[in-house]
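Bear in mind that the values in this text are calculations on the coordinates, not laboratory data. For clarity, every value in this text was computed on a predicted model and none was experimentally measured. Cβ: placed from backbone, ideal geometry, glycine included. Neighbour counts: every protein chain shown.
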Amino acid sequence: MERIYIGLGSNLADPAGQLRSAVAALEQLPQTTLAGVSSFYQSDSLLPGQPRYTNAVVALDSSLAPIELLDALQAIENEQGRERLERWGPRTLDLDILLFGDRLIDEPRLKVPHYQIQERAFVLYPLAELAPQDLRLADGRALSDLLAACPFVGLERIFQP
């Protein structure tokens, strides 16, 4: 079993409801145990003119292989109406593997740690709620250093589990 952190995001069709449904689906994954759910946060979209996003992070303990998990996450996205029409476009659900144990993964379909984790307050702050205080990413960066360089700006905590 490895500890895996998944980023959740939605800005369409009842975003908080989409995240709750995704958490329920993640609980049903084979060879996987839900280990924690962060608070839900709202943040502005990276692109102007889109609705605000609702984001969270989930901790899983799983023995699934990285690509098996990625396939399962994409199936959950599809079940919840995800359409991939434009990069960073509005979406019913986005599930991203942020960290996968202490693995560095660089495959065509999957990059872990998530390639823009250091720029995403809406990922770092919910991740910090679940991760050990001294967490280091597989590439050696400390979560505390990433948080210090990424201010809590534009985020609003809207729900605590």
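Rounded if a/c is under 1.5, else prolate if a/b is larger than b/c, else oblate: which is region 2-159, with a ≥ b ≥ c the root eigenvalues of its Cα gyration tensor?
Rounded, since a/c falls under 1.5.
Taking neighbour counts of Cβ atoms within 10 Å as a proxy for exposure, in what order, fewest first, do Leu8, Leu98, Leu147 appear?
Ordered by Cβ neighbours within 10 Å, fewest first: Leu147, Leu98, Leu8.
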